[in-house]
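First up is the structure itself, then whatever we jot down about it.
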Amino acid sequence: MLTVVFGASGNVGRHVAAGLNSAGAHVRLTSRNPDTAPLPPGADVVAADLEHPATLASALEGANKVFLYARPAGIDGFVRAAESAGVQHVVLLSSVAVLDLDPSTNPTAWMHTQVESALEASDLEWTFIRPGMFATNTLWSWQRSVRDVGAVRLPYPDARTAPVHEKDVAALAVAALTEPYHRGRAYVVSGPEALTLRSQVQHIGEALGRDIAIEESSVDQARAELVATVPPFVADAILEGWQAAATTPPPVSTTIADILGCPARTFAQWALDHEADFR
């Protein structure tokens, strides 16, 4: 049984690949640029680009299962290639944003809804994993300011989010790829607790062994800092999430504990795991 992992050098994909290898699965990794991608030496790696369907046949040859990330521009070509190759099951890294009442007004929701809909309409079996805010978003938001000035500027310091550790999302994906029970199911995933952004900064400071100052900023200032590291639609999604969380705490899911039988990793643990990224 061959499993193909798209985005194998990404924050989630690399942990999916590692988890499958630990489980003894036969794994093939894909990358748009295999010669420069940070992939394990000796791995079965094939060049593939989801936005260029002609590159997919060799990547999917002999595959039974696929871990996929959302790329609407190429999803129809992926579905055709996967069906032609005899793929049986696709685990999609989606987003809780698909549950938005009007996905067309939210770029993140629209992107993931397009991919989910294409898989639902196909002959492929699927599992959708829908995380909320990733803890790794804080690398985009705060890494530079923590490193350069030892401070974080926040427009909504007391907004609460429930950031999820990428390793938990990957572990859920591995379970979905190795256990037939999860086919046809969609899982909302969050971290185990809703924390203020102020508290999250404090956890990063504790991991570093020093205090990090918190400065309140305007939304425009925060957006300008974000778009220096991420596309504008991602910056807007982060800010909109923070704004909503300033008045309505997010729901906290028990998906990780329910399915994996162990507690979800806390943000404090994530900060320790990524301490070197903030130095």
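Listed by first and then second residue, the pairs with beta-carbon distance under 6 Å, at least 6 apart or on different chains, first residue in region 106-127 and among the polar types (S, T, N, Q), second at pLDDT below 95 and in a helix (DSSP H, G or I), are Asn106/Ala97; Thr108/Ala97; Thr108/Ala237; Thr113/Val98; Thr113/Pro103; Gln114/Pro72. Checking each residue in region 26-38 for being open to solvent by 30 Å² or more (accessible area, probe 1.4 Å) and at pLDDT below 95 picks out Arg32, Asn33, Pro34, Asp35, Thr36, Pro38. Selection of region 48-67 for residues being assigned to a helix (DSSP H, G or I) and not hydroxyl-bearing (Ser, Thr, Tyr) yields Pro53, Ala54, Leu56, Ala57, Ala59, Leu60. For Val4, state whether it is assigned to a loop (DSSP other than H, G, I, E, B) and at pLDDT 95 or above. Answer is no for this residue.
Could you please find all residues in region 57-99 being under 18 Å from the mean Cα position of the chain (by Cα) and charged (D, E, K, R)? Answer for region 57-99, where residues must be under 18 Å from the mean Cα position of the chain (by Cα) and charged (D, E, K, R): just Arg71.
Among the conditions (1) modelled with pLDDT under 95; (2) open to solvent by 30 Å² or more (accessible area, probe 1.4 Å); (3) in contact with a helix residue (DSSP H, G or I) (Cβ under 8 Å, 6 or more places away or on another chain), Arg130 misses just one, which is (1).
Only one entry of Ser122, Ser117, Ser141 meets the criterion of being in a loop (DSSP other than H, G, I, E, B) and either buried (at least 19 other Cβ atoms within 10 Å of the Cβ) or modelled with pLDDT of 95 or more (or both), and that entry is Ser122.
Here the condition is being of a type in the set (Phe, Trp, Tyr) and closer than 26 Å to Glu120 by Cβ; of Phe233, Phe278, it holds for Phe233 alone. Taking Arg147, is it open to solvent by 10 Å² or more (accessible area, probe 1.4 Å), in contact with a strand residue (DSSP E or B) (Cβ under 8 Å, 6 or more places away or on another chain) and among the charged types (D, E, K, R)? Spelling it out, it is not the case that Arg147 is open to solvent by 10 Å² or more (accessible area, probe 1.4 Å), in contact with a strand residue (DSSP E or B) (Cβ under 8 Å, 6 or more places away or on another chain) and among the charged types (D, E, K, R).
The values are calculated or read from the model by the stated rules, or taken from the named source; none is laboratory data. Here the structure is a predicted model, which is why all the values come from computation and not from measurement. FYI the Cβ positions are ideal-geometry reconstructions off the backbone, even for glycines, and counts take in every protein chain you see. Just so you know, the surface numbers come from the protein's heavy atoms only, side chains and all, with ligands and any DNA or RNA stripped out. Shrake-Rupley method; radii C 1.70, N 1.55, O 1.52, S 1.80 Å.
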